[in-house]
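Step one of this worksheet: look at the structure below.
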Amino acid sequence: MAATKGYEPAVTRAIVVWCPDWPVIAAQQALDLAPELPLALVEKGLVFACSEAARSDGVKRGLRMREAQARCPQLEVVPYDPVQDARAFDPVLARVEEITPGVQPVRPGTFGLRARGPARYYGGEEEAAAELLRCLEELGLPDARVGVADGPFAAEQAARSTGGTRTRVRVIPAGGSPAFLAPLPVAQLGLSDLTPLLRRLGLHTLGDIAALSRVDMRERFGERGEQAHTLASGLDGTAVVPRTPPKQLDRAIEFEPPLDRVDQVTFAVRGAAEQFIAGLTKAGLVCTSLRVEVTDESGRVSDRTWLHPRLFSAPDVVDRVRWQLQGAGAIDSGLASPISRVALAPEAVDDIGHHEDGLWGGGADERIHHGLTRVQSMLGHEAVVTATIAGGRAPAERQVLVPWGDRPVGVARADRPWPGSLRAPAPSTVFEVPRPVAVLTVEGAPVEVTDRGDVTAPIALFSATGTPRDARPVDSWAGPWPVRERWWDASLARAMHRFQLVDADGTAWLLSLAGSGWFAEARYD
């Protein structure tokens, strides 16, 4: 026993603040949704978080999306965005740091502090908790909860055990964490892979685990078992490590009065763009992904993330603002609503040393980049496109053109398995629209495929024009290979048979038979 006590880590008092339903709050703020609207955030087809209005209709975390919509037909379903979740929480952390330093983010919606500093400054732990709640209420978070206990784990459980407006603070006295944690279920440990096994062994509460020997838990379950015993015993010695506030790299410019022409806004934003790039350079960084937020005089915000094949310069930033405002219009065109504010924020940055020119300059790639960027600046964002390969079964659907510097969005991934897709080598000429052709037997009758996947007769003649009188002898052919996809969607379902054929001139073709019609999808040049 003495050895076990000697191992006990030093446990310090901690404060943990928890904002219930934070992912829902962040989504409501970003999408400007009413708080009373039933809302569910979905990840991988399951409900990740839901609003109070949705819970009142039976929606809960972990439900399949269809089951949730069956329980609440008016449910608003939104994909869960962890980046948006974290981004929206940064202003909350910054505001809390104004009244007490040493904030450690745990996850979006939860943060911790060492209790000693705030308690001494505000006159006690309960007083410090009340000040934190007051600060969060000013930020529009009236339902925040605060827990104070020995160690961050017990403090978080104390915060989550509160409820209602009168009990939003729970302070566990020093030394009282083991007794407080004892009746809690083992699921509170957050060890999803270990929890089912512990339950099968009859360990249903944290007190059951704390009653065991730490050495036995380590020998049976390894380091995770020892960690579970430490947390269940109220001996969480995890230190609260304050975050380093991020450097302020954002730039914004406000217009008073608001500007109603694209060229006016573009000219006015040049100074902010130069300050934005200069701030990044001073910090030793470059921006490879830029978020531009445009606010009109009615308060509506239009934001878009722009990518760059290398790094953004000040003229590049101005171009992106212009393209976002301009759309399909001209540079001197008017705007639907005057613009009152433009904000620039780096979505992704990289060390500036990774983008320095080599000893002999940037070479051909650098000249290509400058040339394409110049043409894009003159003609518009979508005037210069590059080809990329997406996933799919047909050669034509695998070709995707994206604007220079962007990544393909919303396209099928090429690294996923595609049963029925065309094997290598790929054809060199792919027709955007398949061309009608004629595939005939020796007698001149069209070749078809039976329900069992057999050709009705050997292929003998082929016409690239689709006219039987132009048919010429076939040198060789292979197939059929059936392709059946999207059978569950009548509007997108497709069934065909593919063939490869070499005509008398030695030209190879990729053909498809859909119904009774023959088409050339591509040619092997």
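Values quoted throughout were computed directly from the atomic coordinates according to the rules given, and no laboratory measurement underlies them. Please read these numbers as outputs of a predicted model, since none were measured by experiment. Don't worry about glycine lacking a Cβ; one is built from the backbone with ideal geometry, like all the others, and counts go over all protein chains shown.
Observations
- Computed from the alpha carbon positions, the gyration tensor of the range 176-228 leads to an equivalent ellipsoid with semi-axes of 16, 13, 10 Å, biggest first.
- All Cα-Cα separations within the range 50-159 were binned at 5 Å from zero, giving a P(r) of 2, 10, 17, 18, 16, 12, 10, 8, 4, 1, 0, each value a whole percent of the pairs.
- Backbone phi angles across the range 71-76, fed through the Karplus curve with coefficients 6.51, -1.76 and 1.60 (θ = phi - 60°), yield HN-Hα couplings of 6, 9, x, 8, 5, 8 Hz in residue order; Gly and Pro are listed as x.
- Ordering of 336-343, 468-475 by packing [mean C-beta count within 10 Å, highest first]: 336-343, 468-475
- As a length-normalised measure over Cα pairs under 8 Å and 6 or more apart, the relative contact order of the chain settles at 9 percent.
- From its DSSP helices (H runs of at least four residues, each -39,500 (n - 2.57)), the chain gives a residue-normalised ellipticity at 222 nm of -9000 deg cm²/dmol.
- Solvent-free Debye scattering, log10 I(q)/I(0), computed from the Cα coordinates of the chain at q = 0.11, 0.13 Å⁻¹: -1.14, -1.26
- Dipole size of the chain about its Cα centre, with +1 on Lys/Arg Cβ and -1 on Asp/Glu Cβ: approximately 1320 debye, rounded to the nearest 20.
- Ala414 long-range amide H proximity, modeled H, under 5 Å: Gly391
- Sorted ascending by nearby beta carbons within 10 Å, beginning with the fewest, Asp57, Asp150, Asp451 become Asp451, Asp57, Asp150.
- Computed about its Cα centre, the charge dipole of the range 429-524 is approximately 140 debye, with only Lys, Arg, Asp and Glu carrying charge at their Cβ.
- Backbone N within the range 206-243 under 19 Å of label point (7 Å from Ser161 Cα along the Cβ vector): 206-212, 228-238
- The range 429-524 shape via C-alpha gyration tensor axes, a/c threshold 1.5: prolate
- Annotation for the range 71-110 versus the range 392-449: alpha-carbon center distance of 44 Å.
- The convex hull of the Cα atoms of the range 183-295, projected and averaged over all directions, covers 13.2 nm².
- Largest-first principal axis extents of the Cα set of the range 20-89 (Å): 32, 25, 18
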